[in-house]
Amino acid sequence: MAEDKSKRGSIGMSLKGGQTNNGFVQNEDIRERDPNPEDRQQHNAVDMLGPGDPDLKDIRPYAGMPKEVLFQFSGQARYRVPREVLFWLTVASVLALIAATISIIAISPKCLDWWQAGPMYQIYPRSFKDSDKDGNGDLKGIQDKLDYLTTLNIKTVWITSFYKSSLKDFRYGVEDFREIDPIFGTMKDFENLVAAIHDKGLKLIIDFIPNHTSDKHAWFQLSRTRTGKYTDYYIWHDCTQEDGITIPPNNWLSVYGNSSWHFDEIRNQCYFHQFLKEQPDLNFRNPDVQEEIKEIIQFWLSKGVDGFSFDAVQFLLEAKHLRDETQVNKTQIPATITHYSELYHDFTTTQVGMHDIVRSFRQMMDQYSREPGRYRFMGTEAQGESIAGTMMYYGLPFIQEADFPFNSYFGQLDSPSGDSVAEVILSWMENMPEGKWPNWMTCGPDNARLTSRLGEEYVNVMNMLIFTLPGTPITYYGEEIGMRNILATSLYETYDADTLLSKSPMQWDNSSNAGFSEGSHTWLPTRSDYPTVNGDVQKTQPKSALKLYQELSLLHANELLLSRGWFCYLRNDNYSVVYTRELNGIDRVLLMVLNFGESSLLNLKEVISNIPTRVRIRLSTNSVYTGREVDTHAISVDRGEGLILEYNTKNLLHQQAAFRDRCFISNRACYSSVFNILYSLC
């Protein structure tokens with residue numbers, strides 16, 4: 001007992017003066033009764049001793065100790081130092097994390113957007129899939145076939161015009177830009193399609209034709225009666241009539257031939273039309289017209305559309321004056337000039353101010369691109385433009401216009417050769433503004449199909465070409481299975497037969513109407529080869545065009561060299577084209593050898609001196625050869641054969657002075673195998 005009292009005295013604690021710690025008492029309202037209140041008052045003033053505190057070395061912290069005791073221990077070095085070390089380590093770690101995050105963001109290249117990351121698939125909706133047995137493809141039919149598109153590794157669905165319109169010029173004479181033509185379904189069908197496309201992780205772009213409307217459009221009907229603001233919605237001009245023959249204001253011609261002026265008996269003036277007389281041109285020099293078009297764009301963006309292909313934009317403006325356009329053949333009698341190709345169209349295409357209008361569309365779409373992952377794509381179609389004129393649609397260095405103008409030059413090739421293919425590739429890559437993104441398509445609604453133009457043996461090599469070039473590959477429906485043109489002779493509607501050739505119904509299987517429709521007739525006949533050329537049959541054939549297409553699209557999706565790498569053009573002749581894809585940080589190169597002529601033998605050692613003697617075939621248009629090794633002294637390629645070769649090297653071509661002028665890249669990036677990231681400070 002005396003020993004206990006000594007210990008209690010040594011820390012200067014008074015039992016009488018100390019209060020009971022009730023931290024572990026179940027009922028905190030209960031307090032220990034102090035038997036001597038006077039002693040309590042005396043010792044409450046000072047419970048702890050002052051400077052003469054006794055030594056605490058024999059005392060250990062204990063649960064429930066008062067804060068005064070806690071402070072005695074917390075100030076000791078063995079407790080204070082670890083606490084301070086942990087604090088500063090935490091601060092340093094946070095600062096290091098912030099610095100690392102900023103550094104990674106600073107050196108990371110711009111991520112590929114959705115329209116860059118994978119192929120686009122263009123659908124002519126009337127010919128894709130009929131869901132209601134009326135012989136016409138529709139929006140529900142497209143929705144029914146979305147699973148098929150996912151097997152192609154498609155990222156973007158591109159649907160051509162489906163607006164309410166007359167049958168003139170394949171629905172490009174629009175009667176109402178805010179309505180779905182009943183032949184394709186309802187607005188509810190469209191909304192369901194958009195939701196289904198997004199549920200599949202895909203994006204949707206649609207055609208938009210701002211240049212003209214149908215003559216049945218409400219705007220035109222109001223304009224021809226000079227009603228309010230609509231009076232000048234179209235391009236009107238005085239003209240004369242003699243014996244029922246219109247004398248136009250000038251010699252301007254329609255794309256389809258003959259005068260581009262047509263007399264309207266209600267307004268008693270001529271209106272201007274770049275295309276059919278049923279498609280009057282809008283007056284884009286009228287600010288009200290521009291606002292109307294922007295409101296229509298906003299309408300479809302609010303429906304969930306991810307982007308637009310703006311068609312025929314080079315025709316948006318015409319010269320204010322009405323001077324005659326220059327004849328190509330100056331000796332030709334003016335009265336005999338009726339074909340569009342017989343004039344230089346300096347006053348009716350690509351006028352000053354046209355690009356400003358297109359940029360205003362871009363600026364308006366940018367307002368809908370602010371949400372992460374919801375960037376709105378803008379493409380332009382301007383067929384017939386020179387390569388220099390086409391490149392203008394990319395915009396200026398600090399003023400964005402189209403994400404890219406659609407590249408249809410491969411669709412104009414009528415005979416295959418290595419030289420002609422190389423010319424298309426190099427003309428685009430050499431003229432494209434720095435940092436812009438290319439694209440490649442082999443066919444479209446306005447071109448004959450690839451198989452009919454070049455031959456069946458070139459389907460696979462052309463698909464290999466567009467999937468291994470830098471940029472976005474674009475496929476017109478049916479090209480993945482090698483569909484051909486049709487020869488339409490009996491139609492329910494009157495069209496120019498030449499424009500129907502590539503619009504035949506999609507060949508799904510070998511059932512009636514090629515699986516396109518269960519109806520008794522189709523709007524266009526199916527081609528007779530559909531029992532063997534169809535998607536269902538080719539799914540089971542290891543050497544089919546469809547199987548190769550799927551392998552190419554999968555390789556494109558998974559191979560950094562194809563999605564981000566340098567493109568180095570090596571050589572071409574009348575037969576073949578040779579180029580590589582490579583990336584800093586990856587000691588591996590993909591070398592493409594594509595043959596568009598007769599069978600030939602290539603010595604790749606003459607092209608790349610340090611190439612290994614044997615290289616592996618990563619993928620071939622002939623599946624038998626895939627995975628084999630070949631001797632680079634003598635590469636044999638048959639007509640229409642394509643090889644993707646792979647080899648390891650540290651001597652990348654784009655770093656060598658001899659090849660530097662022949663190498664191109666859109667978004668510069670390097671790969672770090674250590675951190676498995678891309679960075680831009682190469």
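I'd like the full set of residues that are farther than 30 Å from residue 439 by Cβ and surrounded by 12 or more Cβ atoms within 10 Å (Cβ to Cβ), limited to region 300-322.
Across region 300-322, the qualifying residues are 319, 322.
Tell me, which residue of region 528-551 that is in contact with a Leu (Cβ under 7 Å, 6 or more places away or on another chain) and open to solvent by less than 20 Å² (accessible area, probe 1.4 Å) is farthest from residue 592 (Cα to Cα)?
Applying the filter and picking the extreme gives 535.
Look at residue 255 and say whether it is in contact with a helix residue (DSSP H, G or I) (Cβ under 6 Å, 6 or more places away or on another chain), of a type in the set (A, V, I, L, M, F, W, C) and assigned to a loop (DSSP other than H, G, I, E, B).
yes
Restricting region 496-514 to residues that are in a loop (DSSP other than H, G, I, E, B) and free of Cβ contacts under 8 Å to residues at least 24 places away in the same chain, which is least open to solvent (accessible area, probe 1.4 Å)?
My answer is 511.
Could you check how many residues of region 112-132 are modelled with pLDDT of 95 or more and of a type in the set (Asp, Glu)?
Summing the residues that are modelled with pLDDT of 95 or more and of a type in the set (Asp, Glu) in region 112-132 gives 2.
Can you tell which of 331, 348, 326, 338 is in contact with a Ser or Thr (Cβ under 9 Å, 6 or more places away or on another chain), of a type in the set (Ser, Thr, Tyr) and exposed (fewer than 15 other Cβ atoms within 10 Å of the Cβ)?
338
Residue-wise test of (1) touching a strand residue (DSSP E or B) at 6+ places or on another chain (Cβ under 6 Å); (2) in a helix (DSSP H, G or I); (3) open to solvent by 10 Å² or more (accessible area, probe 1.4 Å); (4) closer than 22 Å to residue 294 by Cβ.
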position: 131; (1), (2), (3), (4): no, no, yes, no
position: 136; (1), (2), (3), (4): no, no, yes, no
position: 147; (1), (2), (3), (4): no, yes, yes, no
position: 153; (1), (2), (3), (4): no, no, yes, no
position: 158; (1), (2), (3), (4): yes, no, no, yes
position: 185; (1), (2), (3), (4): no, no, yes, no
position: 216; (1), (2), (3), (4): yes, no, yes, no
position: 219; (1), (2), (3), (4): no, yes, yes, yes
position: 222; (1), (2), (3), (4): no, yes, yes, yes
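Within region 602-654, track down each residue that is exposed (fewer than 13 other Cβ atoms within 10 Å of the Cβ) and at positive phi.
Scanning region 602-654 gives a single hit, 627.
Which condition number does residue 594 fail, the rest of (1) touching a residue at least 40 places away in the same chain (Cβ under 8 Å); (2) assigned to a loop (DSSP other than H, G, I, E, B); (3) not aromatic (Phe, Trp, Tyr) being met?
Failed condition: (2).
Before we move on, is residue 271 open to solvent by less than 50 Å² (accessible area, probe 1.4 Å), among the hydroxyl-bearing types (Ser, Thr, Tyr) and more than 30 Å from residue 116 (Cβ to Cβ)?
Considered against the rule, which asks whether it is open to solvent by less than 50 Å² (accessible area, probe 1.4 Å), among the hydroxyl-bearing types (Ser, Thr, Tyr) and more than 30 Å from residue 116 (Cβ to Cβ), residue 271 comes out as yes.
Among the listed residues 569, 549, identify the single one that is in contact (Cβ under 8 Å) with a residue 60 or more places away in the chain and part of a strand (DSSP E or B).
Going through 569, 549 in turn, the sole match is 569.
For the structure I just gave you, tell me whether residue 289 is open to solvent by less than 70 Å² (accessible area, probe 1.4 Å), closer than 24 Å to residue 344 by Cβ and not in a strand (DSSP E or B).
No: the conditions fail for residue 289.
State whether one or more residues within region 344-364 are within 22 Å of the chain's Cα centre (by Cα), of a type outside the set (Lys, Arg) and assigned to a loop (DSSP other than H, G, I, E, B).
Among the residues of region 344-364, not one is within 22 Å of the chain's Cα centre (by Cα), of a type outside the set (Lys, Arg) and assigned to a loop (DSSP other than H, G, I, E, B), which makes the answer no.
Each row is one residue, and each column tells you yes or no for (1) open to solvent by 60 Å² or more (accessible area, probe 1.4 Å); (2) over 30 Å from residue 470 (Cα atoms); (3) in contact with a strand residue (DSSP E or B) (Cβ under 8 Å, 6 or more places away or on another chain).
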{"position": "67", "(1), (2), (3)": "yes, yes, no"}
{"position": "71", "(1), (2), (3)": "yes, yes, no"}
{"position": "76", "(1), (2), (3)": "no, yes, no"}
{"position": "87", "(1), (2), (3)": "yes, yes, no"}
{"position": "92", "(1), (2), (3)": "no, yes, no"}
{"position": "107", "(1), (2), (3)": "no, no, yes"}
{"position": "112", "(1), (2), (3)": "no, no, no"}
{"position": "117", "(1), (2), (3)": "no, no, no"}
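Among the residues of region 228-262 satisfying the criterion of being without any contact (Cβ under 8 Å) to a residue 12 or more places away in the chain and surrounded by 13 or more Cβ atoms within 10 Å (Cβ to Cβ), which is nearest to the chain's Cα centre (by Cα)?
That would be 230.
Of all the residues that make up region 630-677, how many are within 15 Å of residue 590 (Cβ to Cβ), over 29 Å from the mean Cα position of the chain (by Cα) and not in a loop (DSSP other than H, G, I, E, B)?
Adding up the residues that qualify gives 4.
Report whether or not residue 83 is assigned to a helix (DSSP H, G or I), open to solvent by 50 Å² or more (accessible area, probe 1.4 Å), modelled with pLDDT of 75 or more and of a type in the set (Lys, Arg).
Criteria met by residue 83.
Pull up region 289-320, narrow it to residues that are among the acidic types (Asp, Glu) and touching a strand residue (DSSP E or B) at 6+ places or on another chain (Cβ under 9 Å), then point me to the one that is farthest from residue 201 (Cα to Cα).
318
What are the pairs with Cβ atoms under 7 angstrom where one residue, in region 515-543, is in a helix (DSSP H, G or I) and the other, located anywhere, is hydrophobic (A, V, I, L, M, F, W, C) and surrounded by 15 or more Cβ atoms within 10 Å (Cβ to Cβ)? Sequence gap at least six, or different chains.
The qualifying pairs are 515/508; 535/481; 535/508; 535/546; 536/508; 538/481; 538/545; 538/546.
Conditions: (1) assigned to a helix (DSSP H, G or I); (2) of a type in the set (S, T, N, Q); (3) open to solvent by 40 Å² or more (accessible area, probe 1.4 Å). Residue 415 meets all but one. Number of the miss?
(1)
So the check is Cβ under 8 Å with 6+ separation or different chains; which pairs have a first residue in region 46-74 that's of a type in the set (Val, Ile, Thr) and a second one that's modelled with pLDDT of 70 or more?
What qualifies is 69/61.
Exactly one condition in (1) in a helix (DSSP H, G or I); (2) in contact with an Asp or Glu (Cβ under 7 Å, 6 or more places away or on another chain); (3) under 23 Å from residue 308 (Cα atoms) is not met by residue 204; state its number.
If we test residue 204 against (1) in a helix (DSSP H, G or I); (2) in contact with an Asp or Glu (Cβ under 7 Å, 6 or more places away or on another chain); (3) under 23 Å from residue 308 (Cα atoms), just (1) comes out false.
Return the residues of region 160-183 that are buried (at least 19 other Cβ atoms within 10 Å of the Cβ), in a loop (DSSP other than H, G, I, E, B) and not β-branched (Val, Ile, Thr); say none if nothing qualifies.
Result: 161, 162, 172, 173, 181.
The values are calculated or read from the model by the stated rules, or taken from the named source; none is laboratory data. Since the model is a prediction, treat every value here as computed from it, not as a measurement. Here Cβ is always computed from backbone atoms with ideal geometry, including for glycine, and neighbour counts include all displayed protein chains. Areas reflect the complete protein model, heavy atoms only, side chains present, ligands, DNA and RNA absent. Shrake-Rupley method; radii C 1.70, N 1.55, O 1.52, S 1.80 Å.
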